[in-house]
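Contents: one structure, followed by commentary.
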Amino acid sequence: MEFASYLAGERWSDHPACTHPLLAALARLVNDNTDDQSRNRLVHLVPSIIGLTSTDLRVDAHIALRCATTALPVAAAERQLALAVSVLAAEEMLARLDGVPSGRLSPRSQEALDQVPQAAAQARRFSRAAKITEKGFRRYAAPNAVQLAVVGIVQACVKDPDTMLRDLLEATIDDCTRLIRGADATPVTPSPAAAPAS
């Protein structure tokens with residue numbers, strides 16, 4: 001993020017104005033939780049996050065949703081309830097912002113919840129009793145979802161958490177590119193196979 005601030009001509013900072021704050025938070029967390037070799041493979045993503053900023057709460061919701069649905073199936077049992085609640089909260093916020101009935105889930109959310117049925121059932125009970133405001137979602141729920149997801153992946157019993165984190169960041173950048181620059185925007189991140197070797 002400091003390199004992004006430099007390339008954007010901003011004051012040197014890991015919180016540059018040129019990138020959506022929640023996307024920047026994800027980028028910092030991925031950077032801080034990968035080893036040196038994997039960190040070198042993140043550098044090519046820096047130009048793609050410059051200019052990805054918006055005040056539309058849908059962007060926050062999609063970032064939180066991408067993170068929570070990615071981590072939920074692999075996270076340890078003690079993190080699954082919080083991640084499942086994050087999925088439902090993001091879906092509820094999107095429904096509210098789009099003016100559609102609540103309770104509908106995207107296929108990705110449904111698939112992630114189906115893999116952890118016990119946590120999903122508990123999350124649904126919890127979510128029925130808890131109502132979140134837009135301000136509360138932006139300030140607390142969405143950042144917590146991102147943090148929980150990264151920690152969940154780092155501590156998961158998966159073969160290569162660094163690659164999973166990089167793939168999550170790339171997919172989130174692509175989501176933000178489409179949301180902010182339009183549905184026809186070309187994804188700016190290369191496929192994992194095209195990532196430069198270090």
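The values are calculated or read from the model by the stated rules, or taken from the named source; none is laboratory data. Remember, predicted model here, so these are calculated numbers, not experimental data. All Cβ positions, glycine included, derive from the backbone under ideal geometry; neighbour counts span all protein chains shown. Ligands, DNA and RNA are excluded from the accessible area calculation, which covers all protein heavy atoms including side chains. Shrake-Rupley method; radii C 1.70, N 1.55, O 1.52, S 1.80 Å.
Could you grab the pairs with beta carbons closer than 9 Å, sequence gap of 6+ or different chains, first residue in segment 84-110 and touching a residue at least 60 places away in the same chain (Cβ under 8 Å), second one open to solvent by 50 Å² or more (accessible area, probe 1.4 Å)?
Ser86/Asn144
Here are some conditions: (1) open to solvent by 60 Å² or more (accessible area, probe 1.4 Å); (2) under 28 Å from Gly182 (Cβ atoms); (3) at pLDDT 95 or above. Leu26 meets all but one. Which one does it not meet?
(1)
Looking only at residues in segment 49-63 that are open to solvent by 10 Å² or more (accessible area, probe 1.4 Å) and among the small types (Gly, Ala, Ser), which one is farthest from the chain's Cα centre (by Cα)?
Gly51
Which of the residues that make up segment 47-79 are among the polar types (S, T, N, Q) and over 15 Å from Gly152 (Cβ atoms)?
Correct list: Ser48, Thr53, Ser54, Thr55.
Given Ala149, Ala75, which one is at pLDDT 95 or above and either on the phi > 0 side of the Ramachandran plot or part of a helix (DSSP H, G or I) (or both)? Full working, then the answer.
Details: Ala75 fails: either on the phi > 0 side of the Ramachandran plot or part of a helix (DSSP H, G or I) (or both).
Going through Ala149, Ala75 in turn, the sole match is Ala149.
So, Gln115, is that one open to solvent by 60 Å² or more (accessible area, probe 1.4 Å), in contact (Cβ under 8 Å) with a residue 24 or more places away in the chain, touching a Pro at 6+ places or on another chain (Cβ under 7 Å) and over 21 Å from Leu179 (Cβ atoms) or not?
Answer is yes for this residue.
Report yes if Asp175 is open to solvent by 10 Å² or more (accessible area, probe 1.4 Å), in a helix (DSSP H, G or I), touching a Lys or Arg at 6+ places or on another chain (Cβ under 6 Å) and modelled with pLDDT of 95 or more, otherwise no.
yes
Here are some residues: Asp36, Asp14. Which one is more than 19 Å from Ala145 (Cβ to Cβ), open to solvent by 20 Å² or more (accessible area, probe 1.4 Å) and either at pLDDT 90 or above or within 18 Å of the chain's Cα centre (by Cα) (or both)?
Going through Asp36, Asp14 in turn, the sole match is Asp14.
Can you tell me how many residues within segment 80-104 are in contact with a helix residue (DSSP H, G or I) (Cβ under 6 Å, 6 or more places away or on another chain), at pLDDT 95 or above and either open to solvent by 50 Å² or more (accessible area, probe 1.4 Å) or assigned to a loop (DSSP other than H, G, I, E, B) (or both)?
Qualifying residue count for the region: 1.
Mind listing whichever residues of segment 26-62 are of a type in the set (D, E, K, R) and either touching a Phe, Trp or Tyr at 6+ places or on another chain (Cβ under 7 Å) or in contact (Cβ under 8 Å) with a residue 12 or more places away in the chain (or both)? Step through it out loud before you land on a result.
Filtering segment 26-62 down to residues of a type in the set (D, E, K, R) leaves 28, 32, 35-36, 39, 41, 56, 58, 60.
Listed by number, the residues that qualify are Arg28, Asp35, Arg41, Asp56, Arg58, Asp60.
Can you tell which of Arg41, Arg66 is surrounded by 14 or more Cβ atoms within 10 Å (Cβ to Cβ) and modelled with pLDDT under 95?
Arg41
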